[in-house]
Amino acid sequence: MEIENTTDSVRGSRVGFSGSLVSGKKSARFKDDESYVEITLDVRDDSVLVQNIKGADHEAALLASKLEKRPNHTLGSQLSFHLKQVSKELKRMTSSNKFQKIDRSKSGAARALRGLQFMNRNVGTEGWSEVESRFDQLAVDGMLAKTLFGQCIGMKESSEFAEELFDALARKRCITSPAVTKDELHEFWEQITDTSFDARLQTFFDMVDKDADGRITEEEVKEIISLSASANKLSKIEDNSDEYAALIMEELDPGNVGYIELYNLETLLLQAPSHSMNLSTNSRVLSQMLSQKLKPTKERNPFKRCKRRLDYFIEDNWKRIWVMVLWLSICAGLFTWKFIQYKRRAVFDVMGYCVSVAKGGAETTKFNMALVLLPVCRNTITWLRSRTKLGKIIPFDDNINFHKVIAFGVAVGVGLHAISHLTCDFPRLLHATDEEYEPMKPFFGDERPNNYWWFVKGTEGWTGVVMVVLMIIAYVLAQPWFRRNRLNLPSTIKKLTGFNAFWYSHHLFVIVYVLFIIHGYFLYLSKKWYKKTTWMYIAVPMILYACERLLRAFRSGYKAVRILKVAVYPGNVMAVHMSKPQGFKYTSGQYIFVNCSDVSSFQWHPFTISSAPGDDYLSVHIRTLGDWTSQLKTLFSKVCEPPTGDQSGLLRADIGKADYKPRLPKLLIDGPYGAPAQDYKKYDVVLLVGLGIGATPLISIVKDVLNNINQQKDIEDGTKGSKKSPFATKRAYFYWVTREQGSFEWFKGVMDEVSENDQEGLIELHNYCTSVYEEGDARSALITMLQSIHQAKSGVDIVSGTRVKTHFARPNWRQVFKRVTINHPDQKIGVFYCGPQGLVGELRHLSQDFSHKTDTKFEFHKENF
């Protein structure tokens, strides 16, 4: 390649330059049979003009026309650098003849565009006007500093990556200043939002090629891998950047020349398979197919539209509705009955409607104080759920929610009772005349009470006040803001909140019920024993609950377990493998209570069972979120040792080893107890969604589904006989979304086991890592390429370390439901979710929406503790 410079202007004088910019030794990029491109340039103090081009194809000519528009601020010292840059660009274009040998089929180009859609997905979602506005705010003296470039273009959270992008764009334009003008920023913006494949490919190549020599060395690949891994919080990839850089060089530099070129990357992008591209392409097909199945939804008549919405609401919530209607009817009936009863008594003439309201509120409180115990009788509910058909009409999944609703009813009843007494009928009694007080003597004595203290100091008074205080404490500390420490409170006050405070304050109910019975016996206005009905309301529920607690204590006493293995994983998660107690039977999705006397002899905490019923051990995965779990982790960490060999986990203790016998804390378990997830067996198809540690019950279901499918095959083949009823579930979709790469270690073994043994693909596993920017973003482009190469070569995903490919960012849940709907028409799908509350609304809405508009019915279930 030869470049001739004919004229130059420095301070008005014109100086001519002529000659080849290529040394006598030809570059390795050019072979003997390759021709030169001769370009004559007119270099002035602020521009480069193309005078003549010889031997260039269309692409080289196009590049030259672009180069002549680039400004050059200082000529003397930068002339040589500028001409070298021109030479390098033209060398790249000369080598682009090799591009034509690559098949740019329509599908290949579409796949490549998907893989390189990284400059207009996140960065380019905003228009130039917004970027220009931020430039005006951030610029100093008309110049935008490199450190503020990311903030200006909307890549604030990845400032380091944005600075690398800035350097690549600046090198392309021979800009050496650490700041740019608005015009230069606009040029940057046009390039990074260019949707053409060649522009995206060149921009990405320039980011990696830091010395702008048209070649990418292994060291440069390592640097960009480390940068991408850091931006996506993938510490393991960052730690192994040497290994992954060598992998890329091995794949793209088979000749071992020590570098890769632009066409190598294009080859990778055009030929590498892309699962995400297939999903994206299929999405449009799914949408078209689904639109043909959707029932008409538009209704112009507002009354019919409201009626349809009401019908949908009743269809989705009829179990809850009839239970709530029954409960409210009983409360209203008791209140009305007591209200009318006291309206007809003599005390009404003195105390008026106040006493009727107080007694009506008291009657509903008696009923609700009895009823509030039933939803937390876990053994009873588990038996009713598992052994009876009542689950078809009673929403056992909502037992905790119903417990909260009843508690609110107690609060309303106590409020009506206490406020009516203290602010209305007691003051009226104090101010009554002797004649008015005469009918009240049988209840309050011959002498009329002379002050307010008379009512408070009596048994009826102080028991009521103490109960109200204890109820307020328990009610307040049970709220999620205090129970989960969501409020930013001073440290002294924060110690009084949290799960421990909730647990202990809730057990004040023992004192409350004792006072409640006393308060209900010493009544002012009822002297006959059979009219003192408080004990009649609560006797049976209290006996049932007491038996429940005794059964738990007795059962946990002989269910001390032997710990087999402990592993402390990244993400503050600890896995505990225990021996299975004799006769211990459970269903996937159920949970147990765990007690550790070394932490607290009284506290029992629920954890979902992560092992499958067919396993010869019992396991739970515990995330340290509160006081009790943090102390438990500290205890186990002291007896664990670092992993060796191929073991996962940061710390672990394998008790089965003969040479390692640590002293471990003693654990007691109680259970198992029923949970919504255990109902998965009644569905032919299940959609399992777990967020973070919420994958625990779903992993157990996945293992159980695989085991039962294999058992069913054996039965059909005649190799095994079984009297058990057929296992309904024949297909499972599992979506696990987590924000940390280390989280995948929790269930790595299960993932690999399912991938290896599920030969027919009946269980689909989908991992999503939300710390990685979505596929198509600049910050994850290289991670996507590396993932494809590594998976094709070794069959192992570089993010999760399993055979299951990891997707980036969050799933498009509507697309997930579309896909399941198309695959399973006219079927009932069980949707099981375990995780934070934030996703509940969206999944429930999608379940209802697709159930109403398609022939596929989705039934949504959420785990509750």
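The values are calculated or read from the model by the stated rules, or taken from the named source; none is laboratory data. On a predicted model such as this, the values are computed, not experimentally measured, just so you know. Cβ placement follows ideal geometry from the backbone for every residue including glycine, while neighbour counts extend to all protein chains displayed. With ligands, DNA and RNA removed, areas are computed over all heavy atoms of the protein, side chains included. Shrake-Rupley method; radii C 1.70, N 1.55, O 1.52, S 1.80 Å.
General observations
- Solvent-accessible area of Glu223, all protein chains in place: 80 Å² (probe radius 1.4 Å, heavy atoms, ligands and nucleic acids excluded).
- Calculated FRET efficiency for the pair Ser196/Ala728, C-beta based, R₀ 56 Å, to 0.05: 0.60
- Restricting the calculation to Cα atoms, segment 318-384 yields a radius of gyration followed by a Dmax of 15.9, 51 Å.
- Spherically averaged projected area of the convex hull of Cα atoms, segment 558-613: 4.7 nm².
- Computed across segment 128-167, the Kirkwood hydrodynamic radius from all distinct Cα-Cα pairs reaches 10.0 Å.
- Largest accessible area first, the residues Asp425, Asp598, Asp826 order themselves as Asp826, Asp598, Asp425 under a 1.4 Å probe with ligands, DNA and RNA left out.
- Computed FRET value (nearest 0.05) for Lys441 with Tyr530, which takes r as the C-beta separation and R₀ as 22 Å: 0.45
- Label point distance in nm, Glu219-Lys146, each placed 7 Å from Cα along Cα→Cβ: 1.8
- Sparse-neighbour loop sites [trypsin sites (Lys or Arg not before Pro); segment 451-539; at most 14 other C-beta within 10 Å; DSSP]: Arg484, Arg486, Lys495, Lys527, Lys528
- Solvent exposure, largest accessible area first (probe 1.4 Å, DNA, RNA and ligands not counted), of Trp529, Trp746, Trp337: Trp529, Trp337, Trp746
- Positive minus negative residues near Leu390 (Lys, Arg vs Asp, Glu; Cβ under 15 Å): +4
- Asp253 contributes about 20 Å² of solvent-accessible surface, heavy atoms of the protein only, 1.4 Å probe.
- Solvent-accessible area per residue, Å², over segment 460-521 with all protein chains present [probe radius 1.4 Å]: 59
- Among residues other than Gly258 with Cβ under 11 Å from its Cβ, the summed charge is -2 (Lys and Arg +1, Asp and Glu -1).
- Paired Rg and Dmax values of segment 291-448, which use every Cα atom, in angstrom: 23.4, 84
- Convex hull volume of segment 818-865 per residue (C-alpha atoms, cubic angstrom): 67
- DSSP-loop GluC sites (Glu not before Pro) across segment 386-448, with at most 13 other Cβ within 10 angstrom: Glu447
- Calculated on C-alpha atoms, the gyration radius of segment 504-560 divided by its Kirkwood radius gives an Rg/Rh of 1.15.
- Segment 727-827: mean projected area of Cα convex hull, nm²: 7.5
- Per residue solvent-accessible surface (Å²) - segment 367-431, probe of 1.4 Å: 47
- Using a probe of 1.4 Å, the accessible surface attributed to Leu310 totals some 100 Å² when neighbouring protein chains are kept in position.
- Which of Glu842, Glu184 is most accessible, then next, and so on - probe 1.4 Å: Glu842, Glu184
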